[in-house]
Amino acid sequence: LQQVASDWHAVADRQFRLRFFHWHAWFDAWLGTLETEPDAVRFFTLYRDDVPLAVVPLKSERRRVLGMPVRSLRLPRHAHMPVGDMICAARIDPAEVLHALTGFLAAQREAWDVIELAPLLEESPTVAVLAQLPGIVHVTREKTCDQLECAGDFDSIKSRFSKNFRSNLNKARNKLAKRENVRMTSVSGNGQLQPAFEDFLALEASGWKGAAGAGTAIALHPELIDFYQALIDKLADQVVINSLHVDGELIAAQFCVRTEAVL
């Protein structure tokens, strides 16, 4: 991963639409904390005339697909890595990248049965070409990835919500209006994130995700703490923690990563 860092950055700077899961630092944080088999992960880089055009991160593993044992090359997946993609410079056809990849694997006599490129966002150029590729290709919708457009003032944003959601927001606002000490904070950058992160961990572990509930809170899993800490250390200016305090007590928090105008 470190060997391809400069080429990765060169490709990402020309990415069609840069998202957090295209960052080299995102994969660096994941590989050093959450991946249990780092030696099984490879980063295939496509060049033309020594100019890097794409990076395809793939993990080799044996698994079952549709009930059949297969040798798989798949995009890295984890519960805390909800989406992924190839890293591909704009105006480069993903079909060309995949053709070069499979040709390279064949030349190397690499043994594989399936290549799994999931989960991709629908906006990814890769999605558009998958169904056009030769051979057996299976495309399925796994889940939705909701987004909230924040252009304009709050009233114009709220007007696009359903009647039921607007009603819920009004009830929440009226409830907060009855309290005298309501404070919303947003911090980013070195120095400010650490105390906010520790408060975030404690709050998450105090609810249904805690030890008495689902047991999925980040604070209960050292490798998850290390992953988010690595994101703070490597991406301090892109990490944002939003917090809501009422009467001096933290009641809600968000751990966010920001890419350009997207949080």
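The values are calculated or read from the model by the stated rules, or taken from the named source; none is laboratory data. All figures in this text were calculated on a predicted structure; none of them were measured in a lab. Here Cβ is always computed from backbone atoms with ideal geometry, including for glycine, and neighbour counts include all displayed protein chains. Keep in mind that these areas ignore ligands, DNA and RNA; they rest on the heavy atoms of the full protein, side chains included. Shrake-Rupley method; radii C 1.70, N 1.55, O 1.52, S 1.80 Å.
Values for this structure:
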read-out	value
Tally of residues being of a type in the set (Asp, Glu) and at pLDDT 95 or above across segment 7-34	2
Within segment 216-251, tally of residues that are open to solvent by 40 Å² or more (accessible area, probe 1.4 Å), within 25 Å of Arg179 (Cα to Cα) and among the small types (Gly, Ala, Ser)	1
Criterion (touching a helix residue (DSSP H, G or I) at 6+ places or on another chain (Cβ under 7 Å) and of a type outside the set (Asp, Glu)) met by exactly one of Ala151, Ala106, Ala95	Ala95
Unique residue being closer than 22 Å to Phe27 by Cα, part of a strand (DSSP E or B) and modelled with pLDDT of 95 or more when the list is Ile251, Ile241	Ile241
Residue match in segment 125-141 (condition: open to solvent by 90 Å² or more (accessible area, probe 1.4 Å), closer than 24 Å to Arg258 by Cα and assigned to a loop (DSSP other than H, G, I, E, B))	no
Only one of Glu110, Glu116 that is farther than 30 Å from Gly248 by Cα, under 26 Å from the mean Cα position of the chain (by Cα) and of a type outside the set (Phe, Trp, Tyr)	Glu116
Some residue of segment 188-209 being more than 22 Å from Ala230 (Cα to Cα), open to solvent by less than 50 Å² (accessible area, probe 1.4 Å), assigned to a loop (DSSP other than H, G, I, E, B) and not aromatic (Phe, Trp, Tyr)	yes
Any hit, segment 75-92, residues being in a strand (DSSP E or B), touching a residue at least 12 places away in the same chain (Cβ under 8 Å), touching a strand residue (DSSP E or B) at 6+ places or on another chain (Cβ under 7 Å) and not hydrophobic (A, V, I, L, M, F, W, C)	no
Unique match (being within 25 Å of Glu123 (Cβ to Cβ) and either modelled with pLDDT of 95 or more or hydrophobic (A, V, I, L, M, F, W, C) (or both)) among Phe154, Phe165, Phe197	Phe165
Which numbered condition Leu105 misses (of (1) farther than 30 Å from Arg258 by Cβ; (2) under 23 Å from the mean Cα position of the chain (by Cα); (3) open to solvent by less than 40 Å² (accessible area, probe 1.4 Å))	(2)
Enumeration of residues in segment 210-238 that are in a loop (DSSP other than H, G, I, E, B), closer than 16 Å to Cys256 by Cβ and either β-branched (Val, Ile, Thr) or touching a Gly at 6+ places or on another chain (Cβ under 6 Å) (or both)	Ala236, Asp237
Qualifying residues in segment 128-146 (those that are within 19 Å of Asp113 (Cα to Cα) and among the β-branched types (Val, Ile, Thr)) - the one farthest from the chain's Cα centre (by Cα)	Ile136
Index of the failed condition, Val4 passing every other in (1) closer than 21 Å to Glu116 by Cα; (2) modelled with pLDDT of 95 or more; (3) among the β-branched types (Val, Ile, Thr)	(1)
Subset of segment 254-263 [in a loop (DSSP other than H, G, I, E, B) and farther than 14 Å from Val187 by Cα]	Glu260, Ala261
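Residue-wise test of (1) over 20 Å from His221 (Cβ atoms); (2) open to solvent by less than 40 Å² (accessible area, probe 1.4 Å); (3) of a type in the set (Ser, Thr, Tyr).
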position	(1), (2), (3)
Trp23	yes, yes, no
Glu37	no, no, no
Arg42	yes, no, no
Leu58	yes, yes, no
Glu61	yes, no, no
Met81	no, yes, no
